[in-house]
Amino acid sequence: MSLIEVRDLRKVYHVDTERIVALNRINLKIEKGEICCVLGTSGSGKSTLLNIMAGLEKPSLGSVFIDGVDICQLSEKKLAAFRQKNIGFVFQSYNLMSTQTAIENVAMPLMFRGMSKKKRNHYAIEMLKAVKLDGRMGHKPSQMSGGQQQRVGIARAFVARPKIVYADEPTGNLDSHTTIEVMEIMIDMARRYKETLIIVTHDQEIASYADRIIYLLDGNIKSDKPNESIMKTKREKDSETAKQVKDQKKNEEGKSNEEK
Ligand code: ADP
Ligand code: MG
């Protein structure tokens with residue numbers, strides 16, 4: 001069995017007399033260690049799918065298995081415990097505790113593991129170093145930039161080594177430069193710890209970081225493919241940049257030789 005198996009998932013919302021089919025009929029298998037992106041325009045059902053896969057919402061029909069457990073059948077209490085143990089979240093609006101420092105925020109998920117404070121802090125510090133926030137350990141969220149806050153959010157999501165990390169529009173509140181920084185750190189963390197990472201986004205650029213792109217349209221999976229083409233263009237771009245840098249260096253060397 002795959003780490004995540006979604007079977008015949010359907011979600012219908014009822015608002016007054018209106019029926020909104022947010023998810024029509026979704027089938028999906030995700031393996032351990034995969035970095036997937038759920039891509040689609042606004043209203044296509046991305047957040048609904050992610051929330052149901054994370055056990056935050058119940059489907060109208062169908063099931064979600066995580067490591068063989070049908071999470072849709074768990075009681076609220078069991079589900080909360082399951083989430084704490086197995087799932088990490090990265091939110092668009094960071095959702096950090098405003099009165100707590102970066103270390104305290106990152107250490108939070110470890111409290112549910114019955115770990116001593118000393119050990120929790122040790123791991124939190126290690127994670128904050130991994131997201132390059134060495135100099136911000138004692139800062140509170142209001143004393144940090146958006147990008148820094150999201151790096152704290154990423155450290156918190158990975159610290160307890162959950163089975164899955166879910167990220168819903170993780171860079172939605174960040175500028176384009178910070179988006180690249182934050183995406184690179186999040187992907188690096190997922191690869192480093194061999195985590196399964198599911199990113200939801202409407203942004204093709206963000207999707208290009210994933211190994212696999214699941215394209216949602218009107219509550220249906222329109223396509224589900226490995227990200228080969230985009231990886232290839234990225235590699236080509238990188239090698240082209242490398243060539244340009246090399247050529248430029250050669251030119252400069254040539255010039256300085258002429259000057260001599
Ligand atoms: P996305 O994340 O891709 O923008 P959503 O999953 O949030 O899309 O929403 C999918 C559809 O379901 C939309 O038409 C949205 O309006 C509707 N929807 C989402 N949540 C609710 C809700 N709690 N009540 C009613 N309709 C909802
Ligand atoms: Mg959404």
### Query
Under a straight-distance cross-link criterion of Cα-Cα below 12 Å, which aspartates and glutamates are reachable from Lys225, leaving out those fewer than 8 residues away in the same chain?
Asp211
### Task
Just grab the label-to-label distance for Asn251 and Lys194, each label 7 Å out from Cα along the Cβ direction, in nm (one decimal).
4.6 nm
### Query
Over the chain, what is the percentage of antiparallel beta bridges among all DSSP beta bridges, to the nearest 5?
55 percent
### Task
Provide the descending list of Cα extents for the chain along its principal axes, expressed in whole angstroms.
80, 47, 37
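May I ask for the net charge around Leu128, where only other residues with Cβ less than 12 Å from the Cβ of Leu128 are counted and Lys, Arg are +1 while Asp, Glu are -1?
Here the charged neighbours net out to +2.
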### Summary
Place a point 7 Å from the Cα of Ser2 in the direction of its beta carbon; the residues of the range 47-73 whose amide N falls under 18 Å from it are 47-55, 62-72
### Summary
Expected unfolding gain across Ser142-Lys85 under the 0.36 nm per residue rule, minus the alpha-carbon gap, is 17.7 nm
### Query
Stokes-Einstein at 37 °C, 0.692 mPa s, Kirkwood radius from Cα pairs: D for the range 78-199 in µm² s⁻¹?
232 µm²/s
### Task
Note the angle between two axes, namely the Cα long axis of helix 117-130 and the longest principal axis of the Cα atoms of the chain, as a number of degrees from 0 to 90, rounded to the nearest 10.
50 degrees
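With runs of 4+ DSSP H residues as the only contributors, calculate the mean residue ellipticity of the chain at 222 nm using -39,500 (n - 2.57) per run, divided by the residue total and rounded to the nearest 500.
Result for the chain, helices only: -13500 deg cm²/dmol.
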#### Entry: FRET efficiency, 1/(1 + (r/R0)^6) with R0 35 Å, evaluated for Arg19 and His177 via beta carbons
0.25
### Message
Just to be sure I understand: with springs between alpha-carbon atoms less than 10 Å apart, which residue in Ala102, Ala160, Ala81 has the highest mean-square fluctuation in the Gaussian network model of the chain?
### Response
Ala81
### Task
Just the ratio, please: alpha-carbon radius of gyration of the range 66-113 over 2.2 N^0.38 Å, N its number of residues.
1.38
### Out-of-range pairs (alpha-carbon distance over 24 Å; input Lys194/Lys243; Lys29/Lys222; Lys77/Lys194; Lys132/Lys243; Lys85/Lys118; Lys85/Lys194)
Lys194/Lys243; Lys77/Lys194; Lys132/Lys243
#### Entry: Listed residues Val159, Val12, Val64, most fluctuating in the chain (Gaussian network, C-alpha, under 10 Å)
Val12
## Note on the structure
Expected max-MSF residue from Gly55, Gly45, Gly172 in the GNM of the chain (alpha carbon, under 10 Å) is Gly172
### Task
Identify, among Phe89, Gln148, Met115, the residue whose Cα sits farthest towards the positive end of the charge dipole of the range 53-191, taking +1 on the Cβ of Lys and Arg and -1 on the Cβ of Asp and Glu, with the dipole about the Cα centre.
Met115
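Can you pull the percent of Cα pairs in the range 151-213 with separation above 16 Å?
Here the tail beyond 16 Å accounts for 38 percent of pairs.
Bear in mind these aren't lab numbers, they're just calculated from the coordinates by the rules spelled out. Here the structure is a predicted model, which means the values were calculated and not measured. Quick reminder, even Gly has a Cβ in these numbers, built from the backbone with ideal geometry, and neighbours come from all protein chains shown.
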